[in-house]
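Participant: Quick one: this structure, given as structure tokens, is what I'll be asking you about.
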Amino acid sequence: MARELRGNLQGNGLRVAIVVARFNQFVTQKLLEGARDALSSHGVDDDGVTVAWVPGSFELPLTAKTLAGTGSYDAVVCLGAVIRGETTHYDMVAGQAASGISRAALDTEVPVIFGVLTCENMEQAIDRAGGKSGNLGHNAAVGAIEMARLLQAIRGPGQAIKEP
Ligand code: INI
């Protein structure tokens, strides 16, 4: 019979780092609130949560990789807002954030979740940061729990993260 693996959404005992960009802080603060609410409502203890602020989304990957590389976290969530209407280098910032976040996960083998809004304008960003289209920060945090649990299921019992 086939073995089916899924990550459950039980956050108890998990340690999660959140890296959040200050650029467009009006939006990213709401993403952070959504992420923290999601972690708390899924049982992640507040003592298990670390929040690191960075200047902008371009700085998310290095910080995420450094946090993941400590071995002290089951998952890292990256939050940012890149808004096309407000920058000429939208594509560079968004592209580097996406590829760097992916690389941070592959290099460290820790789930690093892409919770970066890439929007045409501020209105779209607000809609997706707790407005009419939900909160990407909330979804990213739920994804972090699922991925942490899935990787634990794949690696099997006895896999442990390093104590700080
Ligand atoms: N950073 C963002 O997170 N969102 C943006 O929309 C943005 N714009 O518009 O430029 C942005 N720029 C800053 C960038 O992330 C770096 O912090 C900066 O280039 C220094 O490395």
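Participant: If you take the Cα Rg of the chain and divide it by 2.2 N^0.38 Å, with N the number of residues, what do you get?
Facilitator: 1.02
Participant: On to the next question. Where the centroid of each part is defined by its Cα atoms, how far is segment 1-76 from segment 102-121 in Å?
Facilitator: If you average the Cα positions of each part, the centres end up 11 Å apart.
Participant: Can you find, among Tyr90, Phe58, Val76, the residue farthest towards the positive end of the dipole of segment 4-114? Put +1 on the C-beta of Lys and Arg, -1 on that of Asp and Glu.
Facilitator: The residue sitting farthest along the positive end of the dipole is Tyr90.
Participant: Just the number, please: percent antiparallel of the DSSP beta bridges in segment 62-164, rounded to the nearest 5.
Facilitator: In segment 62-164, DSSP labels about 20 percent of beta bridges as antiparallel.
Participant: Test of the criteria: in segment 62-153, which GluC sites (Glu not before Pro) are in a DSSP loop and have at most 16 other Cβ atoms within 10 angstrom of their Cβ?
Facilitator: Sites meeting the loop and neighbour criteria: Glu109, Glu120.
Participant: While we're looking at this one, here's another question. Mind giving me the nanometre distance, one decimal, between the label points for Asp46 and Arg155, set 7 Å out from Cα along Cα→Cβ?
Facilitator: Each label point lies 7 Å from its Cα, and together they span 2.8 nm.
Participant: Suppose every K and R has +1 on its Cβ and every D and E has -1 on its Cβ; what is the size of the dipole of the chain about the Cα centre, in Debye to the nearest 20?
Facilitator: Value, rounded to 20: 260 debye.
Participant: Within segment 5-86, which trypsin sites (Lys or Arg not before Pro) sit in a loop by DSSP and count at most 14 neighbouring Cβ atoms inside 10 Å?
Facilitator: Arg6, Arg22
Participant: May I pose another question? What number, in percent, do you get for the relative contact order of the chain if the mean sequence gap of Cα pairs under 8 Å and at least 6 apart is divided by its residue count?
Facilitator: The normalised contact order for the chain reaches 32 percent.
Participant: Segment 103-147: which trypsin sites (Lys or Arg not before Pro) are DSSP loop and have at most 13 other beta-carbon atoms within 10 angstrom?
Facilitator: Answer in residue order: Lys132.
Participant: Amide H to amide H, which residues 5 or more places from Ile113 or on other chains are under 5 Å from it, using H placed in the peptide plane?
Facilitator: So Ile113 has HN proximity to Val76, Val77, Cys78.
Taken together, the values in this text are just the output of simple stated rules run on the coordinates, not laboratory data. Everything numeric here is computed off the predicted structure, so don't read it as measured data. Positions of Cβ are backbone-derived with ideal geometry, glycine not excepted, and every protein chain shown enters the neighbour counts.
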